[in-house]
Structures are given as structure tokens and as C-alpha cells.
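First comes the structure, then the notes that go with it.
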Amino acid sequence: MQFLLKIVHLIDALNTWVGRFVAWTTGLVVCVVFVDVVMRYAFKTSYVFTQELEWHLFAFIFLMGAGYTLLKDGHVRVDIFYQRMGPKAQAWINLIGVLLFLIPGCYLIIATSLKFVANAFSVMEGSPDPGGIPFRWVLKACIPAGFALVFFQGISLGIKSLFTIAGKDIESETEP
């Protein structure tokens, strides 16, 4: 029991830390977009690097922040029936969803993206456009990393769901 609590707290702490870092990255996106707009409209010029940086940062935020979003229960779902269910029924839905969909889906994406990332790294893939970002392989590495964070958060959610099904409040359990 204590071992499972340690796993939950470790995963939640990891995704909280990553989520906070990603939150600061959103401010950087705002600054980059602001600079791009000012350059485009005030000075009638634009740089490929700036435009690519916008979508690189957005992709980073989306991929690396997904685990934190799951931690905070911020993912979109159809709550027509779920919201009317009690905590144990919701825990069953969450556990079944984690086991049947989230874990296999994350595994599939991680497994298929590793070769994709390895190929990009082996050639040090960069932007094909002149003046673009030279390290595109770094962004591609965020694909398996982001889905690994979601995978781990799914494990945490599954453990929390098991606690709820067993009638135990994970928050009241003491951390070792």
C-alpha cells in the first residue's frame, strides 16, 4: 500500500514540476508571437526562425503539458453520464479507460515514435527552410517524452482509482 502511494506521489510530483515549467513556456510563446506580429506589421519583415519557434514552442507545451493536464483532470471528455455518477463508478470508468485505452495508446505512440526520433537524431534533423531552427530532432524527442508523462500519469490515475474502488481515501493515507 505504501509502495503504491510512493509511486503516485512521485508521478504526481514529476508532472507537477513539468507542468509548472511548461506554464512558464507559455509566456515565452506570447513574447515570440508578439515579436513576430510587430516585425510583420511594423517593419514589413518576418523571419522563418521566429515562425518555426512559435509552433515548436506550441508543440512542446502541448506534448509536455499533457501529463499535467491529466493530473489536474483537465482533458476534455463527454461528461453526460460521468458527472452524474458517484465516486466509485467514476473510479471504475477511469480505471477501465486507463487500462483499455490510455496505457495501450501511449505505448503504441511511444513505441512507434522511438524509431522516428532516432532517425531524426542520427541525421541531426533541422529545418529544411533557410534560416529555420536547426534542431528539429529535439522537438521530435518530445513526442515519446510527452506520452511517457501521460503514461505515468495514467498509472497514477489507475492507482488512485483502485484506492477509491477499495473505499480508501488516498489523500488521508500517510506518505512514508
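Could you check how many residues of region 1-25 are out of contact with any helix residue (DSSP H, G or I) (no Cβ under 6 Å at 6 or more places or on another chain) and free of Cβ contacts under 8 Å to residues at least 60 places away in the same chain?
Adding up the residues that qualify gives 9.
Going by the conditions given, is residue 62 hydrophobic (A, V, I, L, M, F, W, C) and within 29 Å of residue 154 (Cα to Cα)?
Numbers: hydrophobic (A, V, I, L, M, F, W, C): yes; within 29 Å of residue 154 (Cα to Cα): yes.
Considered against the rule, which asks whether it is hydrophobic (A, V, I, L, M, F, W, C) and within 29 Å of residue 154 (Cα to Cα), residue 62 comes out as yes.
Considering (1) exposed (fewer than 12 other Cβ atoms within 10 Å of the Cβ); (2) under 17 Å from residue 161 (Cβ atoms); (3) in contact (Cβ under 8 Å) with a residue 60 or more places away in the chain, say which one residue 86 fails and leave the rest.
So residue 86 meets the others, but not (3).
Say we look at region 48-92 and pick out the residues that are β-branched (Val, Ile, Thr) and over 30 Å from residue 134 (Cα atoms); which of these is nearest to the chain's Cα centre (by Cα)? Before the answer, list the steps.
So in region 48-92, the residues β-branched (Val, Ile, Thr) come out as 48, 50, 61, 69, 76, 78, 80.
Retained after the next criterion (residues that are over 30 Å from residue 134 (Cα atoms)): 76, 78, 80.
Working: 76: 14, 78: 20, 80: 25 Å.
Among those residues, the one meeting the criterion is 76.
Within region 1-22, how many residues are surrounded by fewer than 17 Cβ atoms within 10 Å (Cβ to Cβ), closer than 30 Å to residue 50 by Cβ and either touching a Gly at 6+ places or on another chain (Cβ under 8 Å) or charged (D, E, K, R) (or both)?
Counting residues in region 1-22 that are surrounded by fewer than 17 Cβ atoms within 10 Å (Cβ to Cβ), closer than 30 Å to residue 50 by Cβ and either touching a Gly at 6+ places or on another chain (Cβ under 8 Å) or charged (D, E, K, R) (or both) gives 1.
In this structure, is residue 127 over 23 Å from residue 14 (Cβ atoms), out of contact with any His (no Cβ under 6 Å at 6 or more places or on another chain), free of Cβ contacts under 8 Å to residues at least 24 places away in the same chain and among the polar types (S, T, N, Q)? Walk me through how you get there before you give the answer.
On the way: over 23 Å from residue 14 (Cβ atoms): yes; out of contact with any His (no Cβ under 6 Å at 6 or more places or on another chain): yes; free of Cβ contacts under 8 Å to residues at least 24 places away in the same chain: no; among the polar types (S, T, N, Q): yes.
Judged against the criteria, residue 127 is not a match.
Here, each number is a calculation from the coordinates, and none is a lab measurement. Since the model is a prediction, treat every value here as computed from it, not as a measurement. No Cβ is skipped: glycine too gets one built from the backbone with ideal geometry, and neighbour counts run over all protein chains shown.
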